[in-house]
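> Mind having a look at this structure? Questions to follow.
What follows is calculated from the coordinates using simple rules that are stated; it is not laboratory data. Values in this document were obtained by computation on a predicted structure and should not be read as measured data. Note that each Cβ is placed from the backbone with ideal geometry, even for glycine, and that neighbours are counted across all protein chains shown.
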Amino acid sequence: MAAMQDLVEEVERSFAETQERLSDPSVYNDHREAAEVGRRLKELEAAHKLATEWLEASSDLEAARDDGDLRELVPELEERVAQLEDELKLALVETDPADRKDVIVEMRQAAGGDEAALWAGDVFRMLTRYAERRGFKWEQLEASPNPTGGFQSISFAVKGEGAYSIFKWEGGTHRVQRVPVTESQGRIHTSTATVAVMPEAEDVDVEINDNDLKIDVYRSTGPGGQSVNTTDSAVRITHLPTGTVVAMQDEKSQLQNKTKALRVLRARLYELEREKQAAEQAATRRSQIGSGGRAEKIRTYNYPENRVTDHRVKLTVHNLDRVLEGELDEFTEALQAEERRQALETAAV
């Protein structure tokens, strides 16, 4: 109880100090710092509310213990206090600041040739359906179709509060086991598509110096090399310090392509910085469940058995058809529950 009292006092002190900092003119006038302090205050709000509720519940519990007429309420109040302690510890576990952000999702065909390209298209459809089910808005950014169907690569952006906290679990290798349409013997083939999920960075997250950019323009081309338009509207941006290259040609206007390319570039640079920070930290909670890296096999979709298995939480469901229509909540909830369990475990140490 004493340790929890100290924790509650620490939360109240941090909340008051952060409020004070936000009203400091020197912070208020610094766009980047003001955004950072504002984010910190928002993070502390939930913990501060729980700390206040814990103080009230603890006070009620003490009163019930000392009052014969209220003693029958003691078990219920003890349970409430214990629940608030767990919730407060969880609220104080450092969350990924990117969780609230919009995301950019990129799919690429991997092992399996043309069948992998078709599968990349199926994964794209599944994830955009999932975005719609969750009430998010999405827009396609870039697509490189495979000549025989599907996509060599395709990307889209998802907008909505907390989009990254939902879609971050989709990063990695999605493996499919099915009979390809081109397979005359009816043999099952295994193909893969990789997914990268990046928080969409804001200006305050990533500063891009124009001098660090090499911008090339060229004529857009479609599948098979045919011309999409007759002007140099396609844009390729190279970030010289990191060697990161983003090309965009889906829009008819050079300016629109450049704007989209800069969005993707900013997200990639932000993700590079996040990966660097994660590598510097010994082991993050997220890496215990899955890194979200393209190389990590996260899920297998087996058509003959109507089965989907998530390898990170050992969850298997037998409703492949519904999963492919974007019903991914069961996987998201299981992964979030595992993240919370590990967070509580860490907080208890």
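> Give me the aspartates and glutamates in straight-line cross-link reach of Lys258: C-alpha distance below 17 Å, same-chain residues under 8 apart excluded.
Within the straight-line limit of under 17 Å, Lys258 reaches these aspartates and glutamates: Glu139, Glu142, Glu200, Glu202, Asp203, Glu207, Asp210, Asp212, Asp216, Asp232, Asp250.
> Now, a different point. For the Cα atoms of the chain, what angle does the longest principal axis make with the long axis of helix 329-348, in degrees from 0 to 90, nearest 10?
Here the helix axis deviates by roughly 40 degrees.
> Please give me the summed charge of the neighbours of Phe156: other residues whose Cβ is under 10 Å from its Cβ, Lys and Arg +1, Asp and Glu -1.
Details: positive: none; negative: Glu106, Glu139, Glu142.
That sum, taken over residues with Cβ under 10 Å, equals -3.
> Same structure, new question: Summing -39500 (n - 2.57) over the DSSP H runs of n ≥ 4 in the chain and dividing by its residue number, what mean residue ellipticity at 222 nm do you reach, to the nearest 500 deg cm²/dmol?
Computed ellipticity for the chain at 222 nm equals -15500 deg cm²/dmol.
> What FRET efficiency comes out for the pair Ala247/Glu132, r = Cβ-Cβ distance, R0 = 25 Å, nearest 0.05? Mind dumping the intermediate values first?
Details: r = 27 Å, r/R0 = 1.10.
The calculated FRET efficiency here is 0.35.
> Which residue, chosen from Phe167, Val195, Leu55, occupies the Cα position most advanced towards the positive end of the dipole of the chain, where the dipole is computed from +1 (Lys, Arg) and -1 (Asp, Glu) charges on Cβ about the Cα centre?
It is Val195.
> Then there's this: Among Gln254, Gln185, Gln19, which one shows the highest mean-square fluctuation when the chain is modelled as a Gaussian network with alpha-carbon springs under 10 Å?
Sorting by GNM fluctuation, first place goes to Gln185.
> Taking the Cα centre of region 115-185 as origin, work out the dipole magnitude from +1 charges on Lys and Arg Cβ and -1 charges on Asp and Glu Cβ, in debye rounded to 20.
On the way: 9 positive and 8 negative charges, 54 e Å.
Rounded to the nearest 20 debye, it is 260 debye.
> Still on this structure, please answer the following. In whole Hz, what ³J(HN,Hα) sequence does region 160-166 give by Karplus (6.51, -1.76, 1.60; θ = phi - 60°), x for Gly and Pro?
x, 4, x, 4, 5, 5, 8
> By average Cβ neighbour count within 10 Å, what is the ranking of 63-74, 148-159, 300-311 from highest down? Don't skip to the end; give the middle numbers.
Values: 63-74: 12.0, 148-159: 19.4, 300-311: 16.7.
Ranked from most to least packed, the peptides come out as 148-159, 300-311, 63-74.
> With point charges of +1 on the Cβ of Lys and Arg and -1 on the Cβ of Asp and Glu, referenced to the Cα centre of the chain, which listed residue (Ala234, Val323, Thr300) lies farthest in the positive direction of the dipole?
Positive-end residue among those listed: Ala234.
> Quick one: which residues, 5+ away or cross-chain, put their amide H under 5 Å from the amide H of Lys297? H built at 1.01 Å from N.
Thr173
> Go through region 300-315 residue by residue and turn each phi into a ³J(HN,Hα) via Karplus (6.51, -1.76, 1.60, θ = phi - 60°); whole Hz please, and just put x for glycine and proline.
Calculated HN-Hα couplings, in order: 10, 10, 10, 5, x, 9, 6, 10, 10, 10, 9, 6, 6, 10, 6, 9 Hz.
> If you line up the long axis of helix 74-92 against the longest principal axis of the chain, both from Cα atoms, how many degrees apart are they, to the nearest 10?
Roughly 40 degrees between the two axes.
> While we're here: Just going by the charge dipole of region 1-144, with Lys and Arg at +1 and Asp and Glu at -1 on Cβ, which of Trp119, Leu73, Gln5 is farthest out on the positive end?
Going by the Cα projections, it comes out as Trp119.
> In whole Hz and in residue order, list the ³J(HN,Hα) couplings for region 112-122 that follow from phi through the Karplus curve 6.51 cos²θ - 1.76 cosθ + 1.60, θ = phi - 60°; x for Gly and Pro.
Karplus values, whole Hz, x for Gly and Pro: x, x, 4, 5, 5, 5, 4, 5, 4, x, 5.
> Separate question: Given charges of +1 on the Cβ of Lys and Arg and -1 on the Cβ of Asp and Glu, with all other atoms neutral, how large is the dipole of the chain about its Cα centre, in debye to the nearest 20?
On the way: 46 positive and 67 negative charges, 510 e Å.
It works out to roughly 2440 debye.
> Glu200's amide H: which non-local residues (gap 5+, or another chain) put their own amide H closer than 5 Å, with H modeled 1.01 Å from N in plane and none for Pro or chain starts?
Amide H neighbours of Glu200: Asp102, Val103, Ile104.
> OK, next. With +1 on each Lys and Arg Cβ and -1 on each Asp and Glu Cβ, how big is the dipole of region 6-59 about its Cα centre, in debye rounded to the nearest 20? Please list the in-between numbers first.
On the way: 7 positive and 14 negative charges, 54 e Å.
Value, rounded to 20: 260 debye.
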